[in-house]
Amino acid sequence: MKADRILTLDIGADGIRMAVVADAATGAPRMLDSGFAAFDHSLSLPKEAITAMTLKQLLDEKKPAVKNAVLSIEGQAVFSRLVRLPMVGKDQVEKTIRHEAVQNIPFPIDEVVWDAHVFDPESAEPEVLLVAVKAELIEGLVDAVRANGLVIDRISVAPAALANAAHTFCDTAEPLLLVDRGPVSTNLVFIDGRRVFFRSLPVAGDDAGRRRREIERSISFYTGQQGGQAPRQQVDSAELDGVESGYAVCMGLACSPAVEIDLIPPSLSRARNVQQRQPLWFACIGLLIVLLAVWVVNLDARIRHTASALEQTEQQAEMLEQWEEQLVPIEKRIEALNRQAGLYARLLNERYRWADVLNELNAVLPDGMFLLNSEPIRPMDRVAGIRIAVLSYLDKEAEDADAVKQLRDALRASPLFSAQTKVFSRPSKKEFAREFVLDVYFAEEQP
């Protein structure tokens, strides 16, 4: 492996894009080789198994002479939020960032892998980008990549990689919006000086009309709620100079990190520590081998000079036969545990569905509406959908439209939910807000 080469992996919803990139000491990185392999979603296997198989297919085809990899996760699987830190001493910044992460990330902090990027560390009240992803997803991804013999140097997210690509291959002197159209979703990356804000839209790349409307809504949200400047230029990631179409994320992973996010899970950190201790272990193993060799020599001498060698061998053979008989029930137990593990793996795969559902709900909810609580809809002992309670501030609702029906129609238009989605309960409006309940049915289920 050449030290100036990097293997980058863009693991998306449709498949894996791989690029071998020359990490130039000066200037922009240069792509040396690239390839794509699509996921076979027809396989009844856990997601990490499909990822490992797809990556193996790609590595077998391209045979890159690089083992160290930098990879990214698709934007739809990630939670992100911009927060501004209060005025605290520099020695309290790290503790304050963790506090903000606990307050803002909508999952228990022990169930996610998260990181933060501070845009202006010297500011009295710096702005921080929080990024989090479910730990199960990261662990499965790590297992899939390491199963193919690769060493993971860093784990980023696709929007952050796109931001780094824009800083390298675009003129970012003026506010810019980078649009990355995928087969399942669209990533929007707002770049305003040092500041970066991104959104992942559940809009396929070929849905131009809906994508245009969602971009306009996102610009309004960014300028109105995030205090950003409206972009003066809009760039499609497929049109970046010096970047092959579809490989902007791969190139961004090799660029200098203007936005530095690393979602290395604790298990991989522990593995790295183990790897650092390997030289000492090898020395201990070598000493053990020497001692074992001495012992074997002495044992051989004793065996040659004893008349009971044959008898001892027969006794050992009888003992091994007894052990073999004892192993039979243990092997049957192992088979039963393997079947049980397969069941648990399928159940674990079902948990990913709820993360997708919650991400979709948060993406569809307009400004001024907040999810209060939710519960599954279980007709006939099956989960057909989710009942959600929503709080809506009246001053955020348009006077000439029914905000509740608009939310219902937006949910029906989502690819995750069906047209059976309906308003379950709509109490009277209160002084400044109202609560209502929607029954949201999954697209593949019917009530």
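The values are calculated or read from the model by the stated rules, or taken from the named source; none is laboratory data. A quick note: this is a predicted structure, and the numbers were derived from the prediction, not measured. For neighbour counting, all protein chains shown are included, and Cβ atoms are generated from backbone atoms with ideal geometry for every residue, glycine included. Side chains are part of the model used for accessible areas, which takes the heavy atoms of the whole protein and leaves out ligands, DNA and RNA. Shrake-Rupley method; radii C 1.70, N 1.55, O 1.52, S 1.80 Å.
At-a-glance table
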quantity	calculated
Some residue of segment 69-83 being over 30 Å from Val364 (Cβ atoms) and out of contact with any Pro (no Cβ under 6 Å at 6 or more places or on another chain)	yes
Subset of segment 106-128 that is touching a Pro at 6+ places or on another chain (Cβ under 9 Å) and outside any loop (DSSP other than H, G, I, E, B) - its residue that is least open to solvent (accessible area, probe 1.4 Å)	Val113
Residues (more than 26 Å from the chain's Cα centre (by Cα) and open to solvent by 40 Å² or more (accessible area, probe 1.4 Å)) located in segment 75-89	Pro86, Met87, Val88
Filter pass, Ala69 being crowded, with 19+ Cβ neighbours inside 10 Å and farther than 22 Å from Val249 by Cα	no
Lone unmet requirement of (1) in a loop (DSSP other than H, G, I, E, B); (2) modelled with pLDDT under 90 for Leu268	(1)
Qualifying residue in segment 90-100 (condition: open to solvent by less than 70 Å² (accessible area, probe 1.4 Å), of a type outside the set (Ser, Thr, Tyr) and within 19 Å of Tyr222 (Cα to Cα))	no
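To keep it simple, each residue is scored yes or no on (1) under 26 Å from Ser200 (Cα atoms); (2) in a strand (DSSP E or B); (3) among the basic types (Lys, Arg); (4) over 24 Å from the mean Cα position of the chain (by Cα).
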position: Leu358; (1), (2), (3), (4): yes, no, no, no
position: Ala363; (1), (2), (3), (4): yes, no, no, no
position: Val383; (1), (2), (3), (4): no, no, no, yes
position: Ala389; (1), (2), (3), (4): yes, yes, no, yes
position: Asp400; (1), (2), (3), (4): no, no, no, yes
position: Lys405; (1), (2), (3), (4): yes, no, yes, yes
position: Ala410; (1), (2), (3), (4): yes, no, no, yes
position: Pro427; (1), (2), (3), (4): no, no, no, yes
position: Glu431; (1), (2), (3), (4): no, no, no, yes
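This table checks each residue for (1) in contact (Cβ under 8 Å) with a residue 40 or more places away in the chain; (2) in contact with an Asp or Glu (Cβ under 8 Å, 6 or more places away or on another chain); (3) surrounded by 11 or more Cβ atoms within 10 Å (Cβ to Cβ); (4) more than 30 Å from Arg408 (Cα to Cα).
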site	(1), (2), (3), (4)
Trp295	no, no, no, yes
Pro329	no, no, no, yes
Arg339	no, no, no, yes
Arg351	yes, yes, yes, no
Trp354	no, no, yes, no
Leu358	yes, no, yes, no
Asp367	yes, no, yes, no
Met380	no, no, no, no
Leu391	yes, yes, yes, no
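For every residue, the table says whether it meets (1) buried (at least 17 other Cβ atoms within 10 Å of the Cβ); (2) out of contact with any strand residue (DSSP E or B) (no Cβ under 8 Å at 6 or more places or on another chain); (3) more than 30 Å from Arg412 (Cα to Cα).
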position	(1), (2), (3)
Val145	yes, no, yes
Arg181	yes, no, no
Val189	yes, no, no
Ala204	no, no, no
Arg217	no, yes, no
